[in-house]
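Have a look at the structure below, then the notes.
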Amino acid sequence: MTPYQQIQTRQGPGLLVRALWLLSIGWWLTGIVSALAWLAMITIIGLPVGIHLVNHIPTVLTLRPRTRETRLAWDAYGRPVGFETKIPQPHWIVRFIWFVFVGWWLSAAVMSLGLLLVCLIVTLPLGLMLYNRVPFVASLYRY
């Protein structure tokens with residue numbers, strides 16, 4: 001038995017609310033946010049805003065909450081104690097080098113393809129999968 005147990009949780013609106021959001025607002029708002037994020041990322045001054053917008057694209061599209069990792073450990077008396085941990089991220093230098101050489105142009109391609117696939121009803125799951133991966137594609141950020 002391990003000394004702790006790791007649990008991933010997501011809290012947020014239910015499936016029906018998220019589906020209604022996607023069909024009424026999420027699909028077109030995501031296109032606007034994607035364009036603004038990419039334009040901000042190609043400027044030096046707007047880079048932090050662009051990265052922030054890219055990291056929140058899954059939430060804009062489907063109101064998907066961030067994944068939270070909680071570790072459950074036991075104290076000396078055998079009582080469970082939970083504490084939230086952060087998802088491990090690659091070092092910022094690696095993420096910066098990735099963004100400069102690959103992330104900025106590959107994220108534009110993934111966002112464009114994702115928006116096209118979301119707008120076509122048949123390929124909606126593939127488009128959602130691509131948009132959920134945009135933060136990782138742009139800057140190796142694990143969501």
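The values are calculated or read from the model by the stated rules, or taken from the named source; none is laboratory data. Since we're looking at a predicted model, the values are computed, not measured. With ideal geometry, Cβ positions are generated from the backbone for all residues, glycine too; neighbour counts draw on all protein chains shown. SASA here: full protein model, heavy atoms, side chains in, ligands and nucleic acids out. Shrake-Rupley method; radii C 1.70, N 1.55, O 1.52, S 1.80 Å.
The table for this structure:
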item: Residues located in segment 68-84, provided they are among the β-branched types (Val, Ile, Thr) and without any contact (Cβ under 8 Å) to a residue 40 or more places away in the chain; result: 81
item: Any pair with Cβ under 9 angstrom, 6 or more apart, that starts in segment 91-117 at a residue that is without any contact (Cβ under 8 Å) to a residue 12 or more places away in the chain and ends at one that is open to solvent by 90 Å² or more (accessible area, probe 1.4 Å) and aromatic (Phe, Trp, Tyr); result: none
item: Flag for residue 43 being within 21 Å of residue 140 (Cα to Cα) and either in a loop (DSSP other than H, G, I, E, B) or of a type in the set (Ser, Thr, Tyr) (or both); result: yes
item: Those residues of segment 61-94 which are among the basic types (Lys, Arg) and open to solvent by 50 Å² or more (accessible area, probe 1.4 Å), in sequence order; result: 66, 68, 71, 79, 86
item: Exclusive hit being over 16 Å from residue 26 (Cβ atoms) and of a type in the set (Val, Ile, Thr), set 100, 134, 118; result: 100
item: Where residue 101 falls short, out of the listed (1) open to solvent by 90 Å² or more (accessible area, probe 1.4 Å); (2) modelled with pLDDT of 90 or more; (3) within 17 Å of residue 62 (Cβ to Cβ); result: (3)
item: Identity of the residue in segment 113-128, open to solvent by 60 Å² or more (accessible area, probe 1.4 Å) and in contact with a helix residue (DSSP H, G or I) (Cβ under 8 Å, 6 or more places away or on another chain), that ends up nearest to residue 39 (Cα to Cα); result: 113
item: Lone unmet requirement of (1) open to solvent by less than 70 Å² (accessible area, probe 1.4 Å); (2) within 17 Å of residue 141 (Cα to Cα); (3) modelled with pLDDT of 85 or more for residue 19; result: (2)
